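Values quoted throughout were computed directly from the atomic coordinates according to the rules given, and no laboratory measurement underlies them. These numbers were taken from a predicted model, which means no experiment stands behind them. Virtual Cβ from ideal backbone geometry, glycine too; neighbours counted across all protein chains shown.
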Amino acid sequence: MTVPAPRVPGLVELLDRVERAVAASLTPATSAQGVSRDGWRVLLMLARGGGGRSMGEIAAHTALPAPTATRVVDRLVADGHAYRQNDPVDRRRVLVHLAAGGREVVERVCGSIERRVGTALGAARTPERVQLARLLDDLANPDPE
């Protein structure tokens, strides 16, 4: 008896291919800066601003267990990409902030990736590309239901 192959929707396959393409671009760019992919996710979170982030926020955002998130932040701090500071409102809490070195890494990696993607897609901002950017943003930031 032959078991039929599972149905693989086109969107699922496309998302998988996009994820691999992103990893293929980001991994060499972040590695060249001495930052792991998990470290990169933390740097991006810190670069969004809004002050420092607690370790709980970082662990939740990166989907890492708290001890792993702590090791990632320890490495970023040791490399001068981030720093810790007591929360001015609650002195028991420690917040992680983006350091100047981390900002430089984010700018270099983002610039490199944007140049590569811009070359691949062409510099023109067509309505289709603007719509694609909106759709990807919606996918990455779903509305809570």
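Taken as a whole, the condition of being outside any loop (DSSP other than H, G, I, E, B) and surrounded by 14 or more Cβ atoms within 10 Å (Cβ to Cβ) applies to Leu44. A search for C-beta distances below 6 Å between a residue of segment 32-48 that is touching a residue at least 60 places away in the same chain (Cβ under 8 Å) and any residue that is among the small types (Gly, Ala, Ser), counting only pairs 6+ apart in sequence or on different chains, returns Leu43/Gly102. Filtering segment 116-130 for residues that are touching a His at 6+ places or on another chain (Cβ under 8 Å) and within 22 Å of Glu19 (Cβ to Cβ) leaves an empty set.
For the criterion of being surrounded by fewer than 16 Cβ atoms within 10 Å (Cβ to Cβ), touching a His at 6+ places or on another chain (Cβ under 9 Å) and either assigned to a helix (DSSP H, G or I) or aliphatic (A, V, I, L, M) (or both), Glu13 fails. For segment 58-96, a residue qualifies if it is touching an Asp or Glu at 6+ places or on another chain (Cβ under 9 Å), part of a loop (DSSP other than H, G, I, E, B) and either aromatic (Phe, Trp, Tyr) or over 16 Å from Asp38 (Cα atoms) (or both), and exactly one does: Arg93.
Whether a residue is in contact (Cβ under 8 Å) with a residue 40 or more places away in the chain, under 30 Å from Leu132 (Cβ atoms), in a helix (DSSP H, G or I) and among the basic types (Lys, Arg) was assessed, and Arg115 does not pass this test. When the test is whether a residue is surrounded by 14 or more Cβ atoms within 10 Å (Cβ to Cβ), of a type in the set (A, V, I, L, M) and more than 12 Å from Gly39 (Cβ to Cβ), Ala99 passes it.
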